[in-house]
Amino acid sequence: MENEEVALSSNPNPNLLVADPSLQKKHQSMLDRLSNRHQTRLDNSLTRRSAESDSSASPSFESTSNFLSRFSNSKSSIESQLAQCRLCDPTQVKSHLDQISSSISDLEKLVAENSYFLPSYEVRSSLKTTSDLRQSLEVLSAELLPKKKFSFRNKPTRKDPIAEPKEEEKEQEPEKKSGFRVPDSPGFWNKKGEILVHNFKGSEVGEFSISDLDSCEVRLMGSVRALFVHRLRNCRLYTGPVTGSVLVDGVEGCVFVMASHQIRIHNAKTSDFYLRVRSRPIIEDSCGVRFAPYCLTYKGIEEELREASLDKETEKWSNVDDFLWLRAVQSPNWSILPENERLGLVDISKSVES
Amino acid sequence: MGLLSIIRKIKRKEKEIRILMVGLDNSGKTTIVLRINGEDTSVVSPTLGFNIKTIIYQKYTLNIWDVGGQKTIRSYWRNYFEQTDGLVWVVDSSDLRRLEDCKAELDNLLKEERLSGSSLLILANKQDIKGALTPEEIAKVLNLEAMDKTRHWQIVGCSAFTGEGLLEGFDWLVQDIASRIYVLD
Ligand SMILES: Nc1nc2c(ncn2[C@@H]2O[C@H](COP(=O)(O)OP(=O)(O)OP(=O)(O)O)[C@@H](O)[C@H]2O)c(=O)[nH]1
Ligand SMILES: [Mg+2]
């Protein structure tokens, strides 16, 4: 590895891309990537080989406690390595830090590979832990390593995509976008105090959008493929089956009665959701949301639900995942709606006719 | 050791390609991976962490990392940029309201130096939905033409629902990566 790097930096192919320094830099970073990649492949095949020969090293699959003990062992070992860094010989610091970085990568990989069977809060907290370890490493590197003049090494000048100023981009946005206008999609928007009814029956399957409503009641019958719900206040929304997903963003004081394959809820406040859903409903940046089972009826709904494979109660409505909640105890952001406060069966066909 | 010898060295190793799939939540990443792997797509949950699949594709082993796109999880994407050969950016072409978000996140991602050598496939997914934007329209909204000239990229319309376009997209990606990484004998 070291050899290759030296060779690369001291012997850049003079025929390649000499004209443009930025291209040259790009090119170098690609070379460097390739050589890193190569090294990893070597490492991987080595690890694989040693794992094969040492059966005790292979994880017992899909055991949370096994994962947790491996995770916490590595975590403490990384933490103590980090602590030792300050004490070690200055000439060794660099390699020490590199080694920690690769231990953190291994830990990240461990999380990724096991996340499919782990309880969601474990995934979230492990992700947070690895991220924090990275952070500590970066702080330490900045402190202990002299600033390099120029390096072909592709190691992180880690930019935080989240923390980067988004304001700036927002400002450029209108100008960049001006060349293209997003067409309006079918839906209801900008209404106050109305009853809005739509039946999808007979129309081509598509998406439907509901946005910027205040104190409205929306009744959607028939099945639709995708539903987008943005910025509702004090509204009631009743829907037949959505065969894809529902995305709810920015609602307050609303009641939703919906059936869908997937439901994602963002920025919801004090709202009730009566759901039939095939996978776990998820909430993000929400509080005071309550859940109950689906309770809608209208003429023909049974058949529509059956066709959408939403005729059976899956109990998923009560199995809500709060993406921002890191602990095993119940998230304070959502709760089950007490039975005595729930709506009875809502019949929207009747009220339409009358 | 120069470029050629390194490439030759890599060439001798197994033909493994690592692909990172990202995009906003709900864009269809997991459904796409399941679809190309021939798995059941009738119950797909929003991805909390990762969904990692190893798929044999032509003579290559694709190691596909599908990472959740919920806002909370996006900040962890960057932990997995290392050693990525190909980037797949999935767009829900029917989600007109969030195209700006989508553009902002993609722009951020492409600033990432560690991804600078990876090929970029943009999948304009959900083409089966009436009202979905075409790949050409998506390219305009995302302002793809303005992308760094050194980047290899391609946009393809697809539907994880019908399967349309997926092979075309992955064919391009794999060929592009292979011709860079496994170029010489
Ligand atoms: N109509 C249609 N629906 C699709 C298509 N692809 C995905 N979907 C639906 O879109 C929803 C989201 O799909 P997922 O695969 O979970 O999306 P994702 O990008 O993995 O989402 P996260 O894991 O939250 O990041 C699901 O309800 C899918 O059935 C498509 O091509 N057409
Ligand atoms: Mg997913």
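The values are calculated or read from the model by the stated rules, or taken from the named source; none is laboratory data. This structure is a prediction, so every number in the text was calculated from the model and none was measured. In this analysis, Cβ positions are derived from the backbone assuming ideal geometry, glycine residues included, and neighbour counts consider all displayed protein chains. When the accessible area is computed, the model is the full protein with side chains, heavy atoms only, and any ligands, DNA or RNA have been set aside. Shrake-Rupley method; radii C 1.70, N 1.55, O 1.52, S 1.80 Å.
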- Subset of segment A:87-129 that is open to solvent by 20 Å² or more (accessible area, probe 1.4 Å) and part of a loop (DSSP other than H, G, I, E, B) - its residue that is nearest to A:Ile283 (Cα to Cα): A:Pro119
- Task: May I ask you to list the residues in segment B:14-33 that are near ligand 2 (Cβ under 9 Å from one of its atoms) and over 18 Å from B:Ser94 (Cα atoms)?
- Result: B:Met21, B:Val33
- Give the residue that is farthest from the other protein chains (Cβ to nearest Cβ), with candidates limited to residues of segment A:183-214 that are loosely packed, with under 15 Cβ neighbours inside 10 Å and of a type in the set (Gly, Ala, Ser). A:Gly193
- Message: Just the residues that are open to solvent by less than 10 Å² (accessible area, probe 1.4 Å), away from chain B (no Cβ under 12 Å) and within 12 Å of A:Phe208 (Cβ to Cβ), please, taken from segment A:221-241.
- Response: A:Gly222, A:Leu237, A:Thr239, A:Gly240
- Out of all the residues in segment B:119-154, which are surrounded by fewer than 23 Cβ atoms within 10 Å (Cβ to Cβ), of a type in the set (Val, Ile, Thr) and more than 10 Å from chain A (Cβ to nearest Cβ)? B:Thr134
- Query: Of the residues in segment B:86-103, how many are of a type in the set (A, V, I, L, M) and either within 21 Å of A:Val111 (Cα to Cα) or open to solvent by 20 Å² or more (accessible area, probe 1.4 Å) (or both)?
  - Reply: 1
- Note on the structure: How many residues of segment A:258-272 are touching a residue at least 60 places away in the same chain (Cβ under 8 Å) and within 14 Å of A:Ile210 (Cα to Cα)? The answer is 0
- Within segment A:305-349, track down each residue that is open to solvent by 20 Å² or more (accessible area, probe 1.4 Å), of a type in the set (D, E, K, R) and touching a helix residue (DSSP H, G or I) at 6+ places or on another chain (Cβ under 7 Å). A:Asp311, A:Arg327
- Message: Exactly one of these conditions fails for B:Ile36: (1) in contact with a Leu (Cβ under 7 Å, 6 or more places away or on another chain); (2) open to solvent by 30 Å² or more (accessible area, probe 1.4 Å); (3) more than 15 Å from ligand 2 (Cβ to nearest atom). Give me its number.
- Response: (3)
- Query: Considering segment B:60-72 alone, what residues qualify as being more than 7 Å from chain A (Cβ to nearest Cβ) and open to solvent by 10 Å² or more (accessible area, probe 1.4 Å)?
  - Reply: B:Tyr60, B:Thr61, B:Asn63
- Exactly one condition in (1) open to solvent by 10 Å² or more (accessible area, probe 1.4 Å); (2) under 27 Å from A:Pro119 (Cα atoms); (3) not basic (Lys, Arg) is not met by B:Gln83; state its number. (2)
- Item | Every residue from segment B:33-51 that is touching a helix residue (DSSP H, G or I) at 6+ places or on another chain (Cβ under 6 Å) and outside any helix (DSSP H, G or I) | B:Thr41, B:Val44, B:Thr47, B:Leu48, B:Gly49, B:Phe50, B:Asn51
- Message: Is it the case, given these coordinates, that A:Val218 is within 21 Å of A:His198 (Cα to Cα), within 14 Å of another protein chain (Cβ to nearest Cβ) and open to solvent by less than 10 Å² (accessible area, probe 1.4 Å)?
- Response: no
